[in-house]
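**Student:** I have a structure here, written as structure tokens, and I will follow up with some questions on it.
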């Protein structure tokens, strides 16, 4: 019985997150970046990887907030550490370019490798280019 109650609570919680994330996506598609940012920030603080990734993108692009590469890296890292492949890929890009952190090819390769292992095609492509150039 305790397991059923826990499952019900988890389903309600995840359903709530999904609804709010959908609201953020709708606001973003309308061009209401401030609302999308506010919703994603709340969900990101609660630990939702998809919201952390979206917040990273908005910080990187300056949508709904001022452009801030360091803040983008912070949110991409939180999502990437939870296994979010697109966040891992974007972290790789930022470390390769030196956006928001010192340029660090070793870190770029680390994050691209993690994303590539999950089937992220762009990460696989970038790793292939890197290996071709440096082997």
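**Student:** Restricting to DSSP H runs of at least four residues, report the calculated mean residue ellipticity at 222 nm for the chain, -39500 (n - 2.57) per run over all residues, nearest 500 deg cm²/dmol.
**Tutor:** Computed ellipticity for the chain at 222 nm equals -26500 deg cm²/dmol.
**Student:** Right, next: I need to check one value: relative contact order of the stretch 60-135, counting alpha carbon pairs closer than 8 Å and at least 6 residues apart, in percent.
**Tutor:** Reported relative contact order: 22 percent.
**Student:** Roughly how tilted is helix 85-97, in degrees to the nearest 10 and between 0 and 90, from the longest Cα axis of the chain?
**Tutor:** The two axes meet at around 40 degrees.
**Student:** Run the numbers on the chain and let me know its relative contact order in percent, using alpha-carbon pairs under 8 Å that are six or more apart.
**Tutor:** On the way: 179 pairs, mean separation 17.9, N = 135.
After rounding, I find 13 percent.
**Student:** Follow-up question, since we're still on this one. Can you tell me the orientation of helix 69-81 relative to the chain, as the angle in degrees between its alpha-carbon axis and the longest Cα principal axis, to the nearest 10?
**Tutor:** Rounded to the nearest ten degrees, it is 70.
**Student:** Further, regarding this structure: Calculated from the structure, Rg and Dmax of the Cα atoms in Å equals which of [x] 16.8, 58; [y] 14.2, 47; [z] 15.8, 49?
**Tutor:** [x]
**Student:** Sorted from fewest to most neighbouring beta carbons within 10 Å, what does the list 114, 42, 70, 96 look like?
**Tutor:** 70, 42, 96, 114
**Student:** On C-alpha positions alone, give me the angle between the axis of helix 2-30 and the longest principal axis of the chain, in degrees, nearest 10.
**Tutor:** Between helix and principal axis, roughly 60 degrees.
**Student:** How do 122, 22, 66 rank when sorted from fewest to most other Cβ atoms within 10 Å of their own Cβ?
**Tutor:** The order, fewest Cβ neighbours first, is 66, 22, 122.
**Student:** Which residue, 115, 36, 25, has the most motion in a Gaussian network model of the chain that connects Cα atoms within less than 10 Å?
**Tutor:** Of 115, 36, 25, the Gaussian network model singles out 25 as fluctuating most.
FYI, it's all coordinate maths here, none of it is from the lab. The model shown is predicted, which means the values in this text are computed figures rather than measured ones. When we count neighbours, we look across all protein chains shown, and the Cβ atoms used for this are built from the backbone with ideal geometry, even at glycine.
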